Amino acid sequence: MTDEKTRLGELRDEIDSLDQQIMQLISARAKCAQEVANVKMAANPGQDVFFYRPEREAQVLRRIKEQNPGPLPAEEMARLFREIMSACLALEKPMHIAFLGPLGTFTQAAALKHFGHSVISVPLPAIDAVFREVESGAAQYGVVPVENSTEGMVNHTLDMFISSPLKICGEVQLRIHHHLLVSPKHKDQDITRIYSHQQSFAQCRQWLDTHRYGIERITVSSNAEAARRAAEEPGSAAIAGDMAAELYGLEKLSNSIEDRPDNTTRFLIIGREEVPASGQDKSSVLVSMRNKPGALYAVLEPFHRHGISLTRIETRPSPSGTWAYVFYIDFEGHVEDEQVKKVLSEIDQEAVELKRLGSYPIGVL
Ligand SMILES: O=C(O)C(=O)C[C@]1(C(=O)O)C=C[C@@H](O)C=C1
C-alpha cells in the first residue's frame, strides 16, 4: 500500500469512530429533549404547551458561536446545531410554520434558517393569511417579511399589527441574492421577457438597465411564481433566489445581480405567546399619539433619558383618522427590564394607545 492509502485509511477509521460518537451524543441529546417535553406537559396538564422556546434556542446558539473552537467557522457550527435542535424539537412536537408562499420564496428560506428543516412549512398566499393561520392555532408560528435594506419597510406587515393579537417572537435576517434564471430546456433561445416580483425588480434595477436593457419586465406575485413561469415558457427568464431555482430546476445565467451587495431582508416570527428574556433582546411597540406639536419628541425623549437604543422608528397613517399617525418602534432590551418598564410607563401616559408587540431574542444566525 502507498503511504497515501495508509494515511487515508487511518484518517477514515478515525472519522468513522468520531461519527459513531457524534451519533451516540446526538441520540443522548434527543432523549433529553423528549424528557424535557414530558416535564413541560406535566407542568401544564390539559393546556396548550409551548414546546418551542425561542429564548433558550437563542442562548444555545450564542453559546455555540462563542465557544466554537474551529476550524469550522462559528456560523457554520451554529447552523449544524440549529438543525440538531430542530430535529430534537420535532421529537417533542412537530411544528407547523406558516409563511408567505408559495414554496421557494425567500420567506420560506428565512423560515428554514430560523427554525431548521425539521418543521412542517405551510405556504400561504398573503401576509394576512399567515397572521390568520397563526391566530386560529392551525400553525404554531408564522414568518413574514418586515423590511428590506434596499426597498424599506413592508407596510402590509406593519399594518397587520394594529389589529392582530399576535406577538413578535423572533427575527431573522437573510442576505438576498437574486439570479437571472433560465430553464436548461430553453437556454439557447433569446430571452424576450423577464418575470419577477416587483421588489426584486427594484433591487436589480441598475443591473437590468445595464445588462438587459429593453427586455420586457413582467411583474408577478412572487419570485417563485416567476421561476415557475420561466421553467415553462420558452424565451423567458426569471429573477429569483436559490430556493426557487432549485425547486423549478433552473440554471443561473447571471449570479447575484442585486444592485447592492449588502441586500438583506429582515423577517419577523409571529406567535401567540410572549417570550421570556434571553439576555440579548429587542422589543417592538406601536404607539398612537394625538396629533399635536411635539408628539414624536414626547415618544422619543424617554428612550434617550433612560439610555435605551432605538433600532428603528417608522410612521404609518392611523386607520382611525386623517392625519393621525402610528409610530412603530423597535428598541434594544426586554419589556421585563426595569429601564424599559419605566420608558413604557411614561409613554403610556402620553399616548392614545401603546401596544406591546413583543420582546424577542436579537437574531443569532
Ligand atoms: O430546552 C428546552 O425547552 C427544549 O425543549 C430543548 C430544545 C433543545 O433541543 O435544546 C428544543 C426545543 C426548544 O425550542 C429549546 C431547546
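The values are calculated or read from the model by the stated rules, or taken from the named source; none is laboratory data. Since the structure is predicted, the reported quantities are computational estimates derived from the model, not experimental observations. Note: ideal-geometry Cβ built from the backbone for every residue, glycine included; neighbour counts use all protein chains shown. Accessible surface is based on the protein model in full, side chains and every heavy atom, while ligands, DNA and RNA are left aside. Shrake-Rupley method; radii C 1.70, N 1.55, O 1.52, S 1.80 Å.
Numbers at a glance
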item: Long pairs among 93/355; 31/167; 167/282; 31/113; 65/167; 113/252, criterion Cα-Cα beyond 19 Å; result: 93/355; 31/167; 31/113; 65/167; 113/252
item: Relative contact order [Cα under 8 Å, 6+ residues apart], the chain, whole percent; result: 18 percent
item: Cα centroid of the range 215-254 to Cα centroid of the range 6-35, whole Å; result: 41 Å
item: Within the accessible area of the range 209-268 (1.4 Å probe), percent carbon and sulfur; result: 45 percent
item: Apportionment of accessible area to carbon and sulfur, the range 22-175, percent (1.4 Å); result: 59 percent
item: Shape call, the range 120-164: gyration tensor on alpha carbons, a/c limit 1.5; result: oblate
item: CD proxy at 222 nm, helix term only [per DSSP H run n ≥ 4: -39500 (n - 2.57); per residue of the chain; nearest 500]; result: -13500 deg cm²/dmol
item: Anisotropy class of the range 49-158 from Cα gyration tensor, a/c 1.5 cut; result: oblate
item: Reference-scaled alpha-carbon Rg (2.2 N^0.38 Å with N residues) for the chain; result: 1.14
item: Inter-label distance for residue 215 and residue 80, nm, one decimal - labels placed 7 Å from Cα along Cα-to-Cβ; result: 4.0 nm
item: Cβ-derived FRET efficiency at R0 30 Å, residue 65 paired with residue 273, nearest 0.05; result: 0.70
item: Solvent-accessible area per residue, Å², over the chain with all protein chains present [probe radius 1.4 Å]; result: 51 Å²
